[in-house]
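**Q** The structure follows.
The values are calculated or read from the model by the stated rules, or taken from the named source; none is laboratory data. Please read all numbers here as calculations on a predicted model, not as lab measurements. Glycine gets a Cβ as well: all are built from the backbone with ideal geometry, and neighbour counts include every protein chain shown. Quick note on the areas: whole protein, heavy atoms, side chains included, nothing else; ligands and nucleic acids left out. Shrake-Rupley method; radii C 1.70, N 1.55, O 1.52, S 1.80 Å.
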Amino acid sequence: MQYRDLGTTDISVSVLALGCWAFGGGPYWGDRDENESIRTIQSAFDVGINFFDTAEGYADGYSETLLGRALVGRRNQAVIATKVSPSHLAADDLLSACHASLKRLQTDRIDLYQIHWPSRTVPLEESMRALEGLVSRGMVRAIGVSNFGVGDLGDVLEIGPVATDQLPYSLLWRAIEHEIQPVCVANGVGILCYSPLAQGLLSGQYCSVEEVPEGRACTRFYSGERPGTRHGGPGCEEETFAAVAAIKEIADEMAEPMGNLAIAWLLAQPGVTSVLAGARNPMQLRMNAQATELELAPAVIGRLSTATEVLKERLGPNPDMWQTESRYR
């Protein structure tokens with residue numbers, strides 16, 4: 001396992017993080033066995049993962065609660081990242097939310113506390129000053145943001161430094177490369193990549209749109225006429241599955257799982273600190289971890305990028321996976 005610092009901090013994290021949203025279960029993720037989820041979290045240390053990402057908004061705090069239980073006795077080995085919801089970004093609400101997250105996580109500090117989405121009602125400066133206050137009290141070690149577009153990221157950097165910006169980024173979803181990634185690189189803001197396997201498209205599970213379960217076919221990859229979508233656009237189904245086929249061909253040539261290539265490609269991109277991947281069980285976790293040992297040759301990186309270039313241009317610079325009217329600014 002490789003390790004990188006969070007932004008300009010001295011907090012060292014594994015380049016593969018365990019994303020804990022799916023442990024909350026629900027209609028999108030399906031039922032989860034609590035004991036199996038705890039075993040999965042605990043087995044992360046066995047493959048060198050020390051970085052765990054959650055949020056107060058994941059299953060109404062249950063994800064934090066489960067992570068806290070799983071880390072009892074091993075807290076000092078872990079780097080915990082969690083997020084405060086946009087409804088809690090007023091100064092007093094943020095303090096209360098932090099206390100609640102600390103209690104659920106069974107810890108006295110949050111290593112990386114992130115604004116989950118920008119607020120359009122609470123001034124960003126108020127939220128940042130409150131977060132800086134939490135750092136001064138020792139409740140938080142580093143401040144991060146999530147889903148901040150180039151405008152919001154520029155605004156926050158005028159107020160104070162942030163260690164990271166957590167963004168949707170994968171071999172199929174490259175929207176941040178247009179504008180946001182260069183700002184992150186120029187300002188030492190580490191990129192944390194979520195949805196690195198594009199909801200299973202890069203795991204090799206689906207070779208055609210007909211194979212994608214109804215509840216999963218709801219991002220801008222798919223036609224806006226499909227159930228559950230909210231973007232209303234034509235989607236990019238032909239381009240998406242052409243790219244998937246091209247990536248699979250390269251993976252087959254290398255005798256490597258598609259998912260490994262997808263994660264290794266991300267780790268070779270400028271500004272990327274860590275890739276956030278979920279896992280249903282310890283076996284899936286070990287398979288994901290194998291990707292961190294795969295060093296792609298520049299020619300392979302170039303071939304993979306070329307395979308998804310048409311899709312990148314078709315999707316454009318809007319990082320919002322779900323909406324044509326972007327929530328990013």
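**Q** Answer yes or no: is there a residue in region 33-53 that is open to solvent by less than 40 Å² (accessible area, probe 1.4 Å), at pLDDT 95 or above and over 18 Å from A289 (Cα atoms).
**A** Looking for residues that are open to solvent by less than 40 Å² (accessible area, probe 1.4 Å), at pLDDT 95 or above and over 18 Å from A289 (Cα atoms), one finds none in region 33-53, hence no.
**Q** Follow-up. Can you name the residue in region 296-322 that is without any contact (Cβ under 8 Å) to a residue 12 or more places away in the chain and of a type outside the set (S, T, Y) and is also least open to solvent (accessible area, probe 1.4 Å) among such residues?
**A** Of everything passing the filter in region 296-322, G302 is least open to solvent (accessible area, probe 1.4 Å).
**Q** Could I ask something else about it? Considering only region 224-244, state which residues are more than 24 Å from the chain's Cα centre (by Cα) and over 17 Å from S326 (Cβ atoms).
**A** Correct list: E225, R226, P227, E238, A242.
**Q** Restricting to region 104-125, name every residue that is in contact (Cβ under 8 Å) with a residue 40 or more places away in the chain and polar (S, T, N, Q).
**A** Q114
**Q** Let me ask something else. What single numbered condition from (1) within 25 Å of Q2 (Cβ to Cβ); (2) open to solvent by 70 Å² or more (accessible area, probe 1.4 Å); (3) under 21 Å from the mean Cα position of the chain (by Cα) fails to hold for L267?
**A** Among (1) within 25 Å of Q2 (Cβ to Cβ); (2) open to solvent by 70 Å² or more (accessible area, probe 1.4 Å); (3) under 21 Å from the mean Cα position of the chain (by Cα), L267 violates only (2).
**Q** Please go through region 6-32 and pick out each residue that is touching a Pro at 6+ places or on another chain (Cβ under 8 Å) and either modelled with pLDDT under 90 or not β-branched (V, I, T) (or both). Explain how you work it out, then say what you get.
**A** Applying the first criterion (touching a Pro at 6+ places or on another chain (Cβ under 8 Å)) to region 6-32 yields 7-8.
Across region 6-32, the qualifying residue is only G7.
**Q** Could you tell me whether region 120-127 includes any residue that is at negative phi, at pLDDT 95 or above and in contact with a Phe, Trp or Tyr (Cβ under 9 Å, 6 or more places away or on another chain)?
**A** no
**Q** Follow-up. Where in region 230-312 are there helices (runs of 4 or more DSSP H), lying fully within it, with 1 or more residues that are among the aromatic types (F, W, Y) and at pLDDT 95 or above? Walk me through how you get there before you give the answer.
**A** Numbers: elements: 237-254, 258-267, 282-290, 298-307.
In region 230-312, 237-254, 258-267 are the helices (runs of 4 or more DSSP H) which contain 1 or more residues that are among the aromatic types (F, W, Y) and at pLDDT 95 or above.
**Q** Looking only at region 133-157, which residues are closer than 16 Å to T8 by Cα, free of Cβ contacts under 8 Å to residues at least 60 places away in the same chain and open to solvent by 10 Å² or more (accessible area, probe 1.4 Å)?
**A** Within region 133-157, V135, I143, L157 qualify.
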